[in-house]
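> For reference, the structure I am asking about is given below.
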Amino acid sequence: MTADITGLAEGQRLILEWRGQPIWIVKRSKAILDALPTLDGHLRDPKSENKDQQPEYVFKASPELRSLKPDISVLVGLCTHLGCSPEMKAEIRPEPFDPEWKGGYFCPCHKSRFDMAGRVFQGVPAPINLLVPPHHYENDNTIVIGVDPAKGA
């Protein structure tokens, strides 16, 4: 499956379906990218050390950003607790569930929270980070979802 991200604006999310799962492609702003390192002390796995949650080549590219390009995030849009679909709350502003919210995803089912890299916060039911599907860039504006570039489909 391919995704054209030519018109994807900062803060915008493109939702696709791959293998019956929602895939989120998000263009992150500089403010969001700058905020991500400030959250490390609040996250369960800030360096993405559980490598089963993303392809090895994504981990090598950036374990903190969990992406091949800093501004583009590609995630499976299912909470790792019980499979609900979290809401994207991409703005850096106070939220009822966190007065110091720096942008991310909030699961309304059981209150799990993830940052804009899909890393899970401490003290929530979700046990692990959101998953990163296999993917690669065919060109600057086309992402191929579901294909590991080293292994093929």
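The values are calculated or read from the model by the stated rules, or taken from the named source; none is laboratory data. Being a predicted model, the structure only gives us computed values, none of them experimental. Ideal geometry is used to build each Cβ from the backbone, glycine not excepted, and the neighbour counts take in all protein chains shown.
> Do we find that Ser48 is under 19 Å from Val124 (Cβ atoms), at pLDDT below 95 and hydroxyl-bearing (Ser, Thr, Tyr) in this structure?
yes
> Step by step: first the residues of the stretch 38-63, then only those that are more than 17 Å from Phe114 (Cα to Cα) and of a type in the set (A, V, I, L, M, F, W, C), then the one that is farthest from the chain's Cα centre (by Cα). Which residue is that?
Selected residue: Ala61.
> Can you tell me which of (1) of a type outside the set (A, V, I, L, M, F, W, C); (2) in contact with a Pro (Cβ under 8 Å, 6 or more places away or on another chain); (3) closer than 14 Å to His81 by Cβ is the one Gly123 doesn't meet?
Of everything listed in (1) of a type outside the set (A, V, I, L, M, F, W, C); (2) in contact with a Pro (Cβ under 8 Å, 6 or more places away or on another chain); (3) closer than 14 Å to His81 by Cβ, Gly123 misses just condition (2).
> Which is within 14 Å of His135 (Cβ to Cβ) and of a type in the set (D, E, K, R), of Arg19, Arg28, Arg113?
Going through Arg19, Arg28, Arg113 in turn, just one is within 14 Å of His135 (Cβ to Cβ) and of a type in the set (D, E, K, R): Arg19.
> If you scan the stretch 133-153, which residues turn out to be in contact (Cβ under 8 Å) with a residue 40 or more places away in the chain, over 15 Å from the mean Cα position of the chain (by Cα) and in a loop (DSSP other than H, G, I, E, B)?
Within the stretch 133-153, Asn141, Gly146, Pro149, Ala150 meet the criteria.
> Which numbered condition trips up Arg66, out of (1) touching a helix residue (DSSP H, G or I) at 6+ places or on another chain (Cβ under 9 Å); (2) farther than 14 Å from Ala117 by Cβ; (3) surrounded by 18 or more Cβ atoms within 10 Å (Cβ to Cβ)?
Failed condition: (2).
> For the stretch 48-61: of the residues being outside any helix (DSSP H, G or I) and either in contact (Cβ under 8 Å) with a residue 40 or more places away in the chain or touching a Lys or Arg at 6+ places or on another chain (Cβ under 9 Å) (or both), which is surrounded by the most Cβ atoms within 10 Å (Cβ to Cβ)?
In this case the residue turns out to be Gln54.
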